[in-house]
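Readers should treat all values here as calculations from the given coordinates under stated rules, not as data from a laboratory. The shown structure was predicted, so the numbers you read here are calculated from the model rather than taken from an experiment. A quick note on method: Cβ atoms are made from the backbone with ideal geometry, for glycine too, and the neighbour counts reach across all protein chains shown.
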């Protein structure tokens, strides 16, 4: 069957879908905070951030297209069903009720409402706000309908227009010169690497693995039959959408650096964004931001809890979709009440473990046609990645774990034996070693196979 030639409108639809998939509230606060941390070293920090915050998410969607996967489970399947299931559970738990979904409520509250309330009432207010927030998320995702998606289509453009106005005002009336503001100690000499690691916090590479099938399915529904065509369309639309995301990231990072002319480095990006809005628009701007950000985050939360419930119901069908949905909303509500700073502090270790695994699986998936998706290559890379990634996770935990006897022993071992451990990249060299070994086994099997065929032919 002949493929339909896509129009510019088709490409725009796919690009818009990708943008909506990757851009949420968390994508606002982390680049802004990065700008404050990096100071005058904002450019190398930005480049590192764009690798894990833009390039990797795009590759994650391409990985779904290239491997013809139906979701994150299929990406891990070359290593066996047990690994694939464990990997799927970890990904969905991380972008779902453990960290990602609760963050939709805590970012809304921290950026929008907390600055309007006395500090002594904020814990109680967060409890009430998150309870209503996740009750609405549960009700809106109970039955599949287009209300939320249509609401998102309306709210996201309005929010982006307001964000654009913030950029215009910030650059016309800069709070400071980004080339002259101080850099924090970590970013004086390791700006690129720290920016690279900061990109983990967006969780977009994990989201790409979980939701990329939605985009790929949309491309196929437009009449693209060949897998090469699906990958090509996804790549073209992805470059357009991720270029827009990259531009917003760069502007946010620069604005964050400029804010140091008036403010100190904030505890997190939520505080920084609130300070900026108040500085330029006062209480009215804060109230408008609170309303719009909450509605935008609610649409994101609905998508996350629904995706969690759908995937878990598919793999654990004895538990109904509605039960998984209720579990996701309740767990997200409980986690949200630890507050934004605690969620970020405890999500970092998990991301230090999951992101290396996700990166190598994404790259293996994209290039899998070159080695015929051979399990030996997958096994070699993942085996040599998972142990140092675990070490990085232990060291990244809050002091209760990282400063324990076990934590200190792990830290000493990785610093002594693993290259780039001080940068949080102790998995990099072992992963390359695993790749070399895996490709060696694959090449040996290919040669052995040809020899066996030749012997059979001679007989």
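Can you give the relative contact order of the chain as a percent, counting alpha carbon pairs under 8 Å and 6+ residues apart?
Relative contact order of the chain: 29 percent.
Please say if the stretch 321-366 is rounded, prolate or oblate, where rounded means a/c under 1.5 for a ≥ b ≥ c the square roots of the C-alpha gyration tensor eigenvalues, and otherwise the choice is prolate for a/b larger than b/c and oblate otherwise?
Cα axes put the stretch 321-366 in the oblate bin.
Does the stretch 101-145 classify as rounded, prolate or oblate by the C-alpha gyration tensor (a ≥ b ≥ c root eigenvalues; a/c under 1.5 gives rounded; else a/b over b/c gives prolate, otherwise oblate)?
prolate
If you average 1/r over every pair of different alpha-carbon atoms in the stretch 8-340 and take one over that average, what Kirkwood value in Å do you get?
20.4
State whether the stretch 294-430 is rounded, prolate or oblate according to the following rule on the C-alpha gyration tensor (a ≥ b ≥ c being the square roots of its eigenvalues): a/c under 1.5 gives rounded; otherwise a/b larger than b/c gives prolate, and the remaining case gives oblate.
Since a/c reaches 1.5 but b/c is at least a/b, the shape of the stretch 294-430 is classed as oblate.
For the stretch 103-254, calculate the relative contact order in percent as a whole number, restricting contacts to Cα pairs under 8 Å that are 6 or more residues apart.
Taking the mean separation of contacting Cα pairs over the length of the stretch 103-254, I get 14 percent.
Just rank 92, 416, fewest to most, by other beta-carbon atoms within 10 angstrom.
With the fewest neighbours first, 92, 416 line up as 416, 92.
For the stretch 198-293, what log10 I(q)/I(0) values come out of the Debye formula at q = 0.13, 0.19, 0.24 1/Å, with one point per alpha carbon and no solvent?
Listed by q, the Debye log ratios stand at -0.67, -0.99, -1.26.
For helix 56-66, what angle does its Cα long axis make with the longest principal axis of the chain, in degrees from 0 to 90 and rounded to 10?
The helix 56-66 is inclined about 40 degrees to the chain.
Going by how many other beta carbons lie within 10 Å of each one, how would you line up 442, 378, fewest first?
If I rank by nearby Cβ atoms, fewest first, I get 442, 378.
With angles folded into 0 to 90 degrees, how steeply does helix 340-366 sit against the dominant principal axis of the chain? Use alpha carbons for both and round to 10.
Helix 340-366 sits at roughly 30 degrees to that axis.
Of 280, 355, 11, how do they rank once you tally other Cβ atoms within 10 Å and put the fewest first?
Neighbour counts put them in this order, fewest first: 280, 11, 355.
For helix 204-221, report the angle its Cα long axis makes with the longest principal axis of the Cα atoms of the chain; keep it between 0 and 90° and round to the nearest 10°.
70
Taking all pairs of distinct Cα atoms, average 1/r, flip it, and tell me the Kirkwood hydrodynamic radius of the stretch 374-459 in Å to one decimal place.
After inverting the mean inverse Cα-Cα distance, the result is 14.9 Å.
For residue 370 and residue 240, compute 0.36 nm times the residue count separating them, minus their Cα-Cα distance, and round to one decimal in nm.
The span from residue 370 to residue 240 would gain 44.1 nm if fully extended.
Which whole-number percent gives the relative contact order of the stretch 374-459, counting Cα pairs below 8 Å spaced six or more residues apart?
Normalised by residue count, the contact order of the stretch 374-459 is 42 percent.
Would you calculate, for the chain, the mean residue ellipticity at 222 nm contributed by helices, counting each DSSP H stretch of 4 or more residues as -39,500 (n - 2.57) and dividing by all residues, to the nearest 500?
Result for the chain, helices only: -25000 deg cm²/dmol.
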